[in-house]
Amino acid sequence: MGWKGILGFDYGIVLAPMGHDIAGPELVAAVANAGALALLHAPEWDSPEQLKELIRKTRELTDKPFGVGVLLPFPHKVNIKAILEEKVAVLQVAWGECSKELVLEAHNAGVMVVPQVGSLEEAKKVIDAGVDAIIVQGYEAGGHVLGQDGLISLLPRVVDAVADHDIPVIAAGGIVDARGYVAALALGAKGICMGTRFLATQESYAHPTYKQKLIEHDETEYTDIFGRALWPGAPQRVLRTPFVCDWKSLPAHENESNQPVIGRSLIHGMETEIHRFSASDPNPTTTGEIENMALYAGQSVGLIKEILPAGEVVKRLVEGAQHLIRQRFNEDSV
């Protein structure tokens, strides 16, 4: 079954590479130490030395393998070079073409490649590139959302498409507990990838107010009001805060570039002004109007009731999934 692991990791559980720096060394190490595949988030600018330092910091906290996630719309060539030089276990890529050349280059460095896709068409393209696994993101997901299809309809179609290839499919979008994990396995996934559930952990590098809002809020909004200038055409799912409700009909020509500053943040060591409608989510260094910033979260946020250690999240998922399959889905209950 899926909890027995993927890509050489103990468990079929993946920490999504949450930006800008939410999936930092502490969270990645905690998830890796628990036996899951954890993904650091690479900065969205050329910063090979900074990236190598993030990898080294993570290695100081764990001797387990882990990976790095890269967003392809942003400068990434020198960052990918740094990732391959550091020989992390996995290179995860999203929002761009995962070419055969990239896969070959990574494989030559001993690094596995796992693209994230949001449609069947994208999945078919990456199969031919020779990737090691595919993350399928449903519309329910928090953060930047690739496609328009819900996970329950998209996932089995991708599973069917890879049937003749030995490529594990990993489900992402709205999964926060053992029930979602087992549902993904039933649909043919070999593992799950989670952001929001790991966001609400002790080790995540999110601002305490952000974490608290994940517990308080049950509803999310699919919108494009955040980061239009930085990353056009990349809609996102965020908590339905009063701010989001007030501004969700923001005129198309408006974006963060001409808005007032609502806070400041230290992101990967860089002092950053946060303008209204900026894509930056708040980390512990952030000051200002935290509740009016981009608070990314997936549709199942209402199921998250407490901030837990990341290792405990992994443990509960694995034990809960095993229990569900033994107790609920034995022959007598079908």
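The values are calculated or read from the model by the stated rules, or taken from the named source; none is laboratory data. These numbers were taken from a predicted model, which means no experiment stands behind them. In this analysis, Cβ positions are derived from the backbone assuming ideal geometry, glycine residues included, and neighbour counts consider all displayed protein chains. Keep in mind that these areas ignore ligands, DNA and RNA; they rest on the heavy atoms of the full protein, side chains included. Shrake-Rupley method; radii C 1.70, N 1.55, O 1.52, S 1.80 Å.
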Next item on the list: Please give, to one decimal in nm, the separation of the simple spin-label points placed at E53 and S249, each 7 Å out from Cα toward the Cβ.
Entry: 4.6
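Taking 0.36 nm per residue of separation and subtracting the Cα-Cα distance, what length does fully extending E271 through I152 add? Before the final figure, lay out the partial values.
Working: separation 119, 0.36 × 119 = 42.84 nm, distance 4.10 nm.
Between E271 and I152, full extension yields an extra 38.7 nm.
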Next item on the list: With only Lys, Arg, Asp and Glu charged, each at its Cβ (+1 for the first two, -1 for the last two), find how big the charge dipole of the chain is about the Cα centre; round to the nearest 20 debye.
Entry: 460
Item checked: Over 23 Å (Cα to Cα) - which of K213/K248; K64/K315; K57/K87; K52/K213; K57/K305; K52/K315 fall in this group -> K52/K213; K57/K305; K52/K315
Check: Hey, can you rank 198-206, 33-41 by average C-beta count inside 10 Å, highest first?
Finding: 33-41, 198-206
Note to self: What is the percent carbon and sulfur in the accessible area of the chain, measuring with a 1.4 Å probe over the protein chains and ignoring ligands?
What the structure shows: 50
Checklist line | Between the range 56-92 and the range 98-112, the alpha-carbon center distance in angstrom | finding: 13
Note to self: Under the 0.36 nm per residue contour assumption, what length would be gained going from the current alpha-carbon distance of Q212 and K81 to full extension?
What the structure shows: 43.4 nm
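Run the helix sum for the chain: -39,500 (n - 2.57) per DSSP H stretch of 4+ residues, divided by residue count, reported at 222 nm to the nearest 500 deg cm²/dmol. List each step's numbers first, then the result.
Details: 11 runs with 108 residues, N = 334.
Calculated from helices alone, the mean residue ellipticity at 222 nm is -9500 deg cm²/dmol.
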Next item on the list: Divide, for the range 149-199, the radius of gyration over alpha carbons by 2.2 N^0.38 Å, where N is the residue count.
Entry: 1.10
Margin query: Just to be sure I understand the model, the point goes 7 Å from the Cα along the line to the Cβ. What's the resulting R316 to E101 distance in nm?
Written below: 4.6
Notebook entry, point to check: For the range 202-211, what does the Karplus curve 6.51 cos²θ - 1.76 cosθ + 1.60, with θ = phi - 60°, yield as ³J(HN,Hα) per residue in whole Hz, taken in order and with x for Gly and Pro?
Noted result: 5, 8, 5, 8, 9, 4, x, 5, 4, 4
Check: Per residue and in Å³, how big is the convex hull formed by the alpha-carbon atoms of the chain?
Finding: 125
Margin query: Using amide H atoms built in the peptide plane, which far-off residues or other-chain residues are under 5 Å from I267 H to H?
Written below: T272
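DSSP loop (so not H, G, I, E, B), at most 10 other Cβ within 10 Å: list which GluC sites (Glu not before Pro) in the range 224-325 pass both filters.
Values: sites: E254, E256, E271, E273, E289, E291, E306, E312, E319; in loops: E254, E289, E306.
Hits after loop and neighbour filter: E306.
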Checklist line | Point-charge dipole on Cβ atoms (K/R +1, D/E -1) for the range 207-325, about Cα centre, debye to 20 | finding: 220
Checklist line | Cα lying deepest toward the dipole's positive end in the chain, options H144, A186, V90, charges on Cβ | finding: A186
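Which FRET efficiency value, to the nearest 0.05, is calculated for D160 and H323 with the Förster distance at 41 angstrom and r the Cβ-Cβ distance?
E between D160 and H323, to the nearest 0.05, is 0.90.
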Next item on the list: Would you please classify the overall shape of the range 208-301 from the alpha carbon gyration tensor, given that a ≥ b ≥ c denote the square roots of the eigenvalues, rounded means a/c under 1.5, and beyond that prolate means a/b larger than b/c while oblate covers the rest?
Entry: oblate
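Once you sort the root eigenvalues of the Cα gyration tensor of the range 87-210 as a ≥ b ≥ c, which label holds: rounded (a/c under 1.5), prolate (a/b larger than b/c) or oblate (the other case)?
Working: a/c = 1.83, a/b = 1.25, b/c = 1.46.
In terms of gyration-tensor shape, oblate.
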